[in-house]
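Structure first, then comments.
Derivation of every value follows stated rules applied to the coordinates shown; laboratory data play no part. From a predicted model like this one, the values you see are computed outputs, not experimental measurements. Every residue, glycine among them, receives a Cβ derived from its backbone with ideal geometry; neighbour counts consider all protein chains shown.
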Amino acid sequence: MRILIIEDDREAAQYLLKALREAGHVPDHAADGDDGWHMASGGGYDVLVVDRMLPKRDGLSIVEALRADHDETPVLILSALGQVDDRVKGLRAGGDDYLAKPYAFTELLARVEALGRRRRPGEAETTLRVGDLVLDRLSHSVTRAGQDVPLQPREFRLLEYLMKHAGQVVTRTMLLENVWDYHFDPQTNVIDVHMSRLRAKVDKGQERSLLHTVRGAGYMIRDPAR
Amino acid sequence: MVSALGRFLRTTAFRLTLVYLVVFSIVTVFLIGYVTRTTNELLTRQLREAIDQEVAELDEQYQAGGLRRLLTAIDQKSRAPGAGLYLLADFSGNPVVGNIADIPPAILDDAAETAHPIRYARFDGDRKQNHVALVRVLQFDGGFRALVGRDIGERDRFRDLFGRSFRVVMGVMVVLALVTWWFVSRRVLRRIDQVTATSARIVAGDLTDRLPVTGSGDEFDRLALAVNDMLGRIDDLMKGLKEVSDNIAHDLKTPLTRMRNRVDEALGGEPDPARYRSALEATIEESDALIRTFNALLMIARVESGGQPAETATVDLAGIAREVAEFYEPVAEEDGVRIEVDAELAAPVLGSRELIAQALGNLIDNALKYGRVEGRAAVIRVAVARDGASAVATVADNGTGVAEGERERVLSRFVRLEASRSKPGSGLGLSLVAAVMRHHRGSMVLGDAGPGLKVDLHFPAVEGPISNKG
């Protein structure tokens with residue numbers, strides 16, 4: 001993916017560029033708001049990573065200007081302000097996701113990849129498939145190799161989110177934010193426990209596991225045959 | 001010297017006194033002028049009426065007995081003690097009878113119907129004295145003329161009296177102004193000066209100082225009490241800030257030192273990738289914990305600084321409680337704890353779903369961490385109920401509880417009871433809940449669940465539809 005990073009902190013930007021390159025992406029860097037705006041409005045990027053506080057031009061105003069031009073490139077907003085109302089402001093300005101500093105690179109990578117693939121057709125698919133696991137969004141039913149898998153409503157949403165991002169790393173905070181709509185730190189390993197419950201229902205007794213833990217990052221649902 | 005005078009002229013005491021003096025002088029001048037004028041008019045009218053009456057009387061005498069009888073009547077009247085002015089003159093103006101010594105002859109030719117003022121001289125012993133009188137002239141046959149008048153010296157004496165009282169009153173007022181000046185400057189301004197001096201001391205850093213309160217209950221006392229309350233609040237905040245910074249220094253410096261030492265230790269000795277790795281992993285873990293503590297602190301500061309977060313809406317407290325309980329339920333089950341939920345009826349409150357969920361989450365997390373006793377099946381009860389004008393969310397465990405004397409203390413930031421020191425946690429959980437409750441204008445009450453700790457969150461209940469998104 002082509003990724004534009006608009007970030008004024010050189011060291012942080014260099015670190016991001018290097019890590020994104022290692023993850024197989026093609027990142028560019030703009031060091032201030034004006035450069036960022038010119039490069040972003042030139043188009044051609046799959047995802048923009050925009051710091052909120054930038055010299056010359058505020059990050060949110062870049063996003064607002066892009067959206068006013070009907071540029072729908074997904075934007076991940078980075079900010080040292082991690083509070084709920086700042087997040088709401090960022091999303092209202094047209095950001096697609098919001099990440100508070102300091103963050104782990106794995107978190108940023110997972111979110112950038114989720115944003116980059118969001119636009120592929122099939123988002124509105126009524127049936128999600130990963131291997132022999134089928135999730136029907138209309139009838140709210142899940143089958144594994146033809147066998148019905150009974151799930152609680154929240155477990156269904158959890159699986160749905162994972163399957164929507166099949167083959168991608170999904171972090172615990174992404175799950176917390178998207179499945180439960182909580183933006184706080186639950187202090188305990190709640191997400192892990194929910195995942196192990198889901199795994200017990202989906203993978204137990206199956207020859208091949210679909211749900212995987214990605215060490216130091218999060219979870220991934222993946223068809224092992226591919 | 002000039003500046004001293006200028007300062008004196010600028011003082012409130014001087015200005016107030018000057019304003020009082022000017023205002024009261026104007027009022028007094030107006031009052032006395034008005035009274036003088038009305039009295040003068042009244043007396044003049046009375047005199048005129050008396051003259052008119054006597055003229056009518058003399059006319060009657062003349063009609064009854066002619067000139068002779070008139071002459072007798074005037075003579076009698078003019079001789080009576082304290083008599084008015086009487087004169088009967090012949091056609092050439094020579095006095096025939098009466099008590100007027102000298103009068104300008106033109107006056108007798110004036111046949112005005114009403115009395116009017118003239119100057120005349122009357123016998124006063126051997127001397128002729130000039131007086132002013134109101135007179136009226138009556139014409140008779142044969143050119144005889146009778147003059148009837150009243151001296152208006154009486155009226156003028158009244159006027160003099162008023163003039164004198166005016167001067168006395170003015171004198172009294174100047175004295176009163178001086179007394180006011182003395183009172184204002186000595187009493188009132190001295191208290192203001194005290195306030196100024198105390199404020200200066202407080203600004204200089206002595207926050208324990210307070211404004212003097214005399215107990216008289218006047219506006220200065222009320223002001224002093226209000227300012228003292230404010231100072232008390234500031235003092236509390238300052239103490240809180242100091243406590244927090246002390247605690248931050250302790251709670252953040254300790255892990256930072258630990259981290260630094262670990263890295264230092266890993267760098268020493270023979271290069272060993274395995275040791276490096278474990279040191280780095282431990283460092284990341286420790287820095288994550290630090291970030292969490294920082295986030296909690298920032299969150300508390302943010303929530304406490306007030307202001308409405310962007311996402312305030314009418315939310316269902318019961319719904320939030322059910323969701324949070326459901327969220328924590330798997331963790332509880334894994335720990336062998338049962339969560340009982342009793343939140344069936346909707347309880348609308350005005351607030352932030354996120355903050356309320358976080359508060360309830362912190363309480364459940366606390367109950368999971370600290371609310372258990374060996375040998376007793378642990379149960380956490382989450383309930384929401386309406387209680388009059390409030391909606392109350394309760395999180396109760398059946399653990400050891402918190403002794404009554406300790407309840408206040410556990411709400412302070414970073415305070416962790418000795419029993420829980422060994423367990424993970426920043427010690428910020430309950431203070432965050434308390435901050436969230438203050439933000440929602442609610443309250444947090446710690447109680448005894450018999451056995452266990454019971455935390456009640458009282459929210460002001462509202463009526464109305466619940467927003468879908470909150």
For this session: Find which of B:Leu237, B:Ala266, B:Ala249 sits farthest along the positive direction of the dipole of region B:219-304, computed with +1 on the beta-carbon of Lys and Arg, -1 on that of Asp and Glu, about the Cα centre.
Result: B:Ala266
Exercise. Over the C-alpha atoms of region B:205-248, what are the Rg and the largest Cα-to-Cα span, Dmax, in Å?
Worked result: 13.6, 45
Problem set entry | Size-normalised alpha-carbon gyration radius of chain B, reference 2.2 N^0.38 Å | 2.20
For this session: Could you count how many Lys pairs in chain B have their Cα atoms under 28 Å apart, skipping same-chain pairs fewer than 8 positions apart?
Result: 10
Exercise. If you bin the C-alpha pair distances of chain A every 5 Å from 0, what whole percents do you get?
Worked result: 1, 6, 14, 18, 17, 15, 12, 8, 5, 2, 1, 0
For this session: Place +1 on the Cβ of every Lys and Arg and -1 on the Cβ of every Asp and Glu in chain B, take the dipole about the Cα centre, and give the residue among B:Pro105, B:Tyr34, B:Ala226 whose Cα lies farthest towards its positive end.
Result: B:Pro105
Seminar exercise, completed: Once the in-chain neighbours fewer than 8 apart are removed, the aspartates and glutamates whose Cα is under 17 Å from A:Lys56 read A:Glu7, A:Asp8, A:Asp9, A:Asp32, A:Asp34, A:Asp35, A:Glu64
For this session: Kindly provide the helix-only [θ] at 222 nm of the protein assembly as shown, computed as the sum of -39,500 (n - 2.57) over DSSP H runs of four or more divided by all residues, to the nearest 500 deg cm²/dmol?
Result: -17000 deg cm²/dmol
Exercise. Among A:Val26, A:Val190, A:Val169, whose mean-square fluctuation peaks in a Gaussian network model of chain A (Cα, cutoff 10 Å)?
Worked result: A:Val190
Exercise. Any idea what diffusion coefficient region B:156-202 gets from Stokes-Einstein, in µm²/s, Kirkwood Rh on alpha carbon pairs, 10 °C, 1.306 mPa s?
Worked result: 119 µm²/s
Exercise. log₁₀ I(q)/I(0) of region B:313-460 at q = 0.08, 0.11, 0.15 Å⁻¹, via Debye over equal Cα point scatterers, no solvent, to two decimals?
Worked result: -0.19, -0.37, -0.70
Exercise. P(r) for region B:2-159: what percent of alpha-carbon pairs falls in each 5 Å bin, starting at zero?
Worked result: 2, 8, 15, 17, 14, 9, 6, 4, 4, 4, 4, 4, 4, 3, 2, 1, 1, 0
Problem set entry | Model label zone, A:Ala23; criterion: amide N under 16 Å from point 7 Å along Cα-to-beta-carbon; scope region A:189-218 | A:214-218
For this session: Give me the distance between the Cα centres of region A:138-188 and region B:16-35, rounded to whole Å.
Result: 87 Å
Seminar exercise, completed: At 10 °C and 1.306 mPa s, the Stokes-Einstein diffusion coefficient in µm²/s for region B:175-214, with hydrodynamic radius from the Kirkwood sum on alpha carbon pairs, is 140 µm²/s
Problem set entry | Rg in Å to one decimal, and Dmax rounded to a whole Å, for region A:127-221 via C-alpha atoms | 12.7, 38
For this session: Based on alpha-carbon positions alone, could you give the equivalent ellipsoid semi-axes of the protein assembly as shown from the gyration tensor, as √(5λ), descending, whole Å?
Result: 104, 30, 29
Problem set entry | For A:Val26, residues with placed amide H under 5 Å, excluding near neighbours | A:Arg2, A:Ile3
Problem set entry | DSSP-defined antiparallel bridges as percent of all bridges, region A:17-174, nearest 5 | 55 percent
Problem set entry | Space enclosed by the convex hull of the alpha-carbon atoms of region A:2-116, per residue, Å³ | 85 Å³
Exercise. What share of the DSSP beta bridges in the protein assembly as shown is antiparallel, in percent to the nearest 5?
Worked result: 75 percent
For this session: Could you list the square roots of 5 times each eigenvalue of the Cα gyration tensor of region B:177-255, that is, the equivalent ellipsoid semi-axes, sorted largest first and rounded to whole Å?
Result: 40, 12, 6
Exercise. Say a paramagnetic label sat at a point 7 Å from the Cα of B:Leu161, along Cα to Cβ; which residues of region B:34-76 have their backbone N under 17 Å from it?
Worked result: B:34-47
For this session: Treat each spin label as a single point 7 Å out from the Cα along the C-beta direction, and report the B:Ala83 to B:Asp141 distance in nm.
Result: 2.6 nm
Exercise. By how many degrees, between 0 and 90 and to the nearest 10, does the Cα long axis of helix B:12-79 differ from the longest principal axis of chain B?
Worked result: 20 degrees
Exercise. What whole number of Å gives the distance from the Cα centroid of region B:162-196 to the Cα centroid of region B:333-360?
Worked result: 69 Å
Exercise. One-quarter of the Cα convex hull surface for region A:159-209, in nm²?
Worked result: 3.8 nm²
Exercise. Whose amide H sits under 5 Å from the amide H of B:Ala391, counting only residues 5 or more places off or on another chain, with H placed in the peptide plane?
Worked result: B:Phe459, B:Ala461
Exercise. If you count, for every residue in A:194-200, the Cβ atoms of partner chains within 10 Å of its Cβ, what is the mean?
Worked result: 2
Problem set entry | Residue-count net charge about B:Leu231 - beta-carbon cut-off 14 Å; Lys, Arg +1, Asp, Glu -1 | -1
Problem set entry | Compactness of region B:219-304 - radius of gyration and Dmax, Cα, Å | 21.9, 78
Problem set entry | Cα centroid separation, region B:48-108 to region B:224-238 (Å) | 90 Å
Problem set entry | Those aspartates and glutamates that a straight Cα-Cα span of less than 13 Å connects to A:Lys18, excepting residues fewer than 8 apart in one chain | A:Asp28
